[in-house]
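Asks: Mind having a look at this structure? Questions to follow.
Just so you know, all these numbers are worked out from the coordinates, no wet-lab data involved. All values derive from a computational prediction rather than experimental measurement.
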């Protein structure tokens, strides 16, 4: 079963019933609307995805030097 949510930007998404129930429960507990929580979750997901893409870009960049965690700790003096 899916719950449909229409957003201000006229974007419609399908949310699985178990996730919708969790969001509704969280909304009641925090007294914030479901839109607040869905926007926050989406922003966090997109931020993490952007960070992952940047990390992969740096990892694949042969011009950037990689160091081991041991070398990094030594640099920090820990």
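Asks: What's the angle, to the nearest 10 degrees (0 to 90), between helix 34-60's Cα axis and the longest principal axis of the chain?
Replies: The angle comes out at about 20 degrees.
Asks: Relative contact order (percent) for the chain, with alpha-carbon contacts under 8 angstrom and 6 or more residues of separation?
Replies: About 15 percent, as a whole number.
Asks: Something else now. For the chain, what percent of Cα pairs sit more than 17 Å apart?
Replies: Cα-Cα pairs of the chain separated by over 17 Å account for 65 percent.
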